[in-house]
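Notes to accompany the following structure.
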Amino acid sequence: MTTNERVIDVTDLRRVYGDEKRGSFEAVRGVSFSVGRGELFALLGTNGAGKTSTVELIEGLAAPSGGQVQVLGHDPYRARTQVRPRIGVMLQEGGFPSELTVAETVRMWAGCTSGARPVVEALEAVGLGGRHTVRVKQLSGGEKRRLDLALALLGRPEVLFLDEPTTGLDAEGRRDTWELVRRLRAEGTTVLLTTHYLEEAEELADRLAILHEGRIAAEGRVDEVVAAQPSHISFELPDGYFVGDLPPLASLGVDTHQVEGRLVRLRTDELQRAATGLLVWARDAGVELRRLDVRGASLEEAFLRIAQDAKSAGPQRAKEMAA
């Protein structure tokens, strides 16, 4: 459920650590994007790309060094009292008192939260319904992440920030969390997600941005970002045939190819055209293409290619700025 209403609006956002005397580092370098109501927007990037620094500014935990942030129509840092009751934040680490039980922790947090859900409801929602009396120090890493999520959802937030929400969860726990996030989004909750799990972004995100060295290297719907990368075809050459016996690869829309023994790998931006031409050739030649694998690009491939391209462009950008 998404609308044209911009719930999060980020314009030319910058964050600098340090100062001129001691030296400074610009972690966020002119980031701009918006998120509509009911949308799930994912921020991806390698370690040090600026994801957490960006999210902390949007959450209102620090003032930006430059640019503007609006959350629900307010500056989240200067108008914290207007924004904070309407958002939920799940940090990478919660830092709960270890001697409190799970239920005591939720009750303590509820005392600081406007319109908090009942304790039982909050714990049931994240699969901790049977762990009320367990001390926090006795929880597994995955259970602590579930508790983090329960506290982020206590105030029935309009906007939910999830920073690496499924780290430490097993496969079942990760899938359960995904289903919960989907339900929240269907109910109109806007979600800003950072994650290292590309499958998670592919499963959940309406749109995403890939950060590299504090800048957005790519942005759009998941299918748009993936579609911008080449597809792949691989197969084993039939006995007695060589690459030169295939139809002219350029005529099939193949950009590049590799040969490893009898295995041929093709890259193409026109997957249907290339695959059809190849299969028609095999049919007419009366041969079988063994180990045939035809597939579009994945988000992982898109992510790695974009990060590599951005990295390669870095030295050239530095030269242009110095000129």
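Solvent-accessible area assigned to carbon and sulfur over segment 41-141 amounts to 49 percent, based on a 1.4 Å probe.
With a ≥ b ≥ c taken as the square roots of the eigenvalues of the C-alpha gyration tensor of the chain, please select rounded if a/c is under 1.5 and otherwise prolate if a/b is larger than b/c or oblate if it is not? Display every interim value, and only then the final one.
Values: a/c = 2.57, a/b = 1.69, b/c = 1.52.
Because a/c hits 1.5 or more and a/b exceeds b/c, the chain counts as prolate.
Here the label points at residue 114 and residue 75, each 7 Å from Cα along the C-beta direction, are separated by 2.0 nm in the simple model. Taking Cα atoms only, the orientation of helix 299-322 departs from the longest principal axis of the chain by about 80 degrees.
Can you give me the accessible area per residue for the chain, using a 1.4 Å probe, in Å²? Accessible area per residue: 51 Å². The count of lysine pairs in the chain that are at least 8 places apart or cross chains, and whose C-alpha atoms lie under 29 Å apart, stands at 8. Say we join alpha carbon atoms closer than 10 Å with springs in a Gaussian network model of the chain; which of 194, 81, 11 then has the biggest fluctuation? Residue with maximal mean-square fluctuation among 194, 81, 11: 81. When Lys and Arg each count +1 and Asp and Glu each count -1, what net charge do the other residues less than 12 Å away from residue 144, Cβ to Cβ, add up to? My count for the surroundings of residue 144 gives +2. With θ taken as phi - 60° and the Karplus curve 6.51 cos²θ - 1.76 cosθ + 1.60 applied, the whole-hertz 3J(HN,Hα) list for segment 101-117 is 7, 4, 5, 5, 4, 5, 4, 4, 5, 4, x, 9, 10, 6, x, 5, 5 Hz, x standing for glycine and proline. For the residues 258, 138, 82, a GNM of the chain with alpha-carbon springs under 10 Å puts the largest fluctuation on 258. Against the chain, whose longest principal axis comes from its Cα atoms, helix 141-152 is set at around 60 degrees. Expressed to the nearest 5 percent, the antiparallel share of DSSP beta bridges inside the chain is 70 percent.
When the surface is traced with a 1.4 Å probe over the full set of protein chains, residue 121 keeps roughly 70 Å² accessible. Shape analysis of segment 127-224 places it in the prolate category; the axes a ≥ b ≥ c from the Cα gyration tensor give an a/c of at least 1.5, with a/b above b/c.
Taken one residue at a time, the phi angles of segment 25-33 give Karplus couplings (6.51, -1.76, 1.60, θ = phi - 60°) of 9, 8, 7, 10, 10, x, 8, 9, 6 Hz. Gly and Pro are set to x. Among 278, 44, 72, the largest mean-square fluctuation in a Gaussian network model of the chain (Cα springs under 10 Å) belongs to 278. For a paramagnetic label modelled on residue 309 (point 7 Å from Cα along Cα→Cβ), amide N atoms under 13 Å away belong, within segment 194-215, to 210. Over the chain, DSSP H runs of length four or greater, each weighted -39,500 (n - 2.57), average out per residue to a 222 nm ellipticity of -10000 deg cm²/dmol. Helix 271-285 and the longest principal axis of the Cα set of the chain meet at an angle near 30°. Compared with the direct C-alpha span, the chain from residue 227 to residue 124 gains 33.2 nm at full extension, assuming 0.36 nm per residue. Computed packing ranks the peptides 261-274, 213-226, 29-42, 146-159 as 146-159, 29-42, 213-226, 261-274, most packed first, by mean other Cβ atoms within 10 Å.
The values are calculated or read from the model by the stated rules, or taken from the named source; none is laboratory data. Every value quoted in this text rests on a predicted model; they were computed, and no experiment measured them. As a convention, Cβ positions derive from the backbone with ideal geometry for all residues, glycine included, and neighbour counts pool all protein chains shown. Please note that ligands, DNA and RNA were not included when accessible areas were found on the heavy atoms of the full protein model with its side chains. Shrake-Rupley method; radii C 1.70, N 1.55, O 1.52, S 1.80 Å.
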